[in-house]
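A quick write-up on the structure given underneath.
The values are calculated or read from the model by the stated rules, or taken from the named source; none is laboratory data. Just so we're clear, the structure is a prediction, and the values are computed from it rather than from any experiment. We place every Cβ from the backbone using ideal geometry, glycine too, and count neighbours over all the protein chains shown. Quick note on the areas: whole protein, heavy atoms, side chains included, nothing else; ligands and nucleic acids left out. Shrake-Rupley method; radii C 1.70, N 1.55, O 1.52, S 1.80 Å.
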Amino acid sequence: MKTLYMEGLDSEGFEQLCEEIFSAFYKAKVKRSFLFEDANTDFVVLSSNNIAVDCKHPAKSPVGRPAIEKFYTAMKKKKVKEGIIVTSGKFASTAQKYIDENNLPITLMDLEKLASIAFKAGIKLVYKKEEPEAFTIIANSDREFREHLSKKLKKELQCSDDIGLNIAIIKRDISHVVYYKINYRVDAEFTASNKVIHKETGDGYFYISESTGRIEGDEFSKVYDMAPRMAYDPQGKDAALLKPRKQILDVLYDKVQSMHTKYVPYMTKSNKLSTKTCTPTKKDITIQNVMCLYLPLSDVEYEMFGKARTIRSLESSSEEFTIIDPKVFACDICGGKISKNGIVCVKCGNIVDEKHSARCSRCNKTLCVNCSSYVSKFLGKKEPICGTCANKEPGLKIKK
Ligand SMILES: [Zn+2]
Ligand SMILES: [Zn+2]
Ligand SMILES: [Zn+2]
């Protein structure tokens, strides 16, 4: 089924939309009004019994008796026996009464009726500004979170003992942050030298953070498209965020405009090759749907090998989660960022870089330099050793 959207249409666009719907419904061609030189009939449906159609959009005031009279006069002049007035607004309360009393062959059609005949003709007319839908993603349990966290840490850090068995969640606070999933459609036509040189169409969606206005990438979409979500009825402060701010929509418009900008070569009237930058305008972009997602943001205090740490992350109901802080670990001894080969000291829980790490030469435990001693061998070669192993060999000369 084809879908047509009301949003963003000017009067010309609305006429075209009506033409398409009536032509499909009556399975007939339409003829534009300018051929009749009368502004009171927008087009005529060329069916067995020709039907004049008058489109009123945007509708500033209710359509009442004067408009109906004018339309009927135009119909008689053109010898059209049937007429339809369509409005995106309202009809005056007396309009139908006037038609009935005078037995006029005119049908009044609001958007609801228009949508219903469109539907019969196989066209879905989206005419109500659809309210954003709100959902929340269910956060994992503490136990699940602990598992996912250990899995992630195991991937990033080296440790001779099992990290999973040495992590304890002390405190986990969950709040929500808002993301919008916004679907859009582009429909643009570009002309030069009185010719259409390019048509740009497309659709898609983006996740945008309410607080930062950042557009998230494919990874994010992958996780949150799949994450099971629950309908959510936000209250109070949360409810105010249901509709995206203008700035959020502007972020989307900018992105879509840059994505759909094309440089199109064309021939000028004087037969010279030229290029036009074709950027869709905001009017060419239709926001089709806005979904409001309240994602669980968790602030966690945990202990790893007895050392207290914190982590802030954006969760999903799967094992995927986005760590917001710390983005990277810093060496607990020198404070340097650890890009790779970070090591967890199983004695004190320090996370250290290669420079400040050691492995016990006897039991192979991962240690930080604070927790390892060394045995000085001949030729000055130093062998790291942990306290436990050192105690087992009483004769050794241990140095810090
Ligand atoms: Zn260090
Ligand atoms: Zn240590
Ligand atoms: Zn050892």
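Some observations on this one:
- For residue 294, the conditions (1) open to solvent by less than 50 Å² (accessible area, probe 1.4 Å); (2) out of contact with any Pro (no Cβ under 8 Å at 6 or more places or on another chain) all hold with the exception of (2).
- Residue 332 open to solvent by less than 50 Å² (accessible area, probe 1.4 Å) and acidic (Asp, Glu): no
- Criterion: among the acidic types (Asp, Glu), surrounded by 12 or more Cβ atoms within 10 Å (Cβ to Cβ), closer than 17 Å to residue 201 by Cβ and modelled with pLDDT of 85 or more - qualifying residue of 254, 250, 284: 284
- Checklist (1) at pLDDT 90 or above; (2) among the acidic types (Asp, Glu); (3) closer than 25 Å to residue 256 by Cβ applied to residue 203, failing item: (1)
- Entry remark, segment 335-352: residues being without any contact (Cβ under 8 Å) to a residue 60 or more places away in the chain, surrounded by 15 or more Cβ atoms within 10 Å (Cβ to Cβ) and either within 16 Å of ligand 3 (Cβ to nearest atom) or within 36 Å of the chain's Cα centre (by Cα) (or both) number 4 in total.
- Candidate set from segment 257-273 (those that are touching a Pro at 6+ places or on another chain (Cβ under 7 Å) and not in a helix (DSSP H, G or I)); member that is surrounded by the fewest Cβ atoms within 10 Å (Cβ to Cβ): 273
- Per the conditions (1) exposed (fewer than 13 other Cβ atoms within 10 Å of the Cβ); (2) on the phi > 0 side of the Ramachandran plot, the sole criterion not satisfied by residue 193 is (1).
- Pairs, first within 13 Å of residue 198 (Cα to Cα) in segment 277-291, second acidic (Asp, Glu), C-beta under 7 Å, six or more apart: 278/200; 280/200
- Just one of the listed residues (68, 85) is within 20 Å of residue 120 (Cβ to Cβ), modelled with pLDDT of 90 or more and in contact with a strand residue (DSSP E or B) (Cβ under 8 Å, 6 or more places away or on another chain), and it is 85.
- Residues that are closer than 26 Å to residue 188 by Cβ and part of a helix (DSSP H, G or I) were ranked within segment 211-247; the one that is modelled with the highest pLDDT is 247.
- Within segment 303-318, the set of residues being at pLDDT 90 or above and open to solvent by 40 Å² or more (accessible area, probe 1.4 Å) comprises 303, 306, 307, 308, 310, 312.
- All conditions in (1) farther than 30 Å from residue 226 by Cβ; (2) loosely packed, with under 14 Cβ neighbours inside 10 Å; (3) more than 16 Å from ligand 3 (Cβ to nearest atom) hold for residue 392, with the sole exception of (3).
- Flag for residue 369 being over 15 Å from residue 161 (Cα atoms) and more than 14 Å from ligand 1 (Cβ to nearest atom): no
- Unique match (being at pLDDT 90 or above and either over 42 Å from the mean Cα position of the chain (by Cα) or of a type outside the set (D, E, K, R) (or both)) among 28, 74: 28
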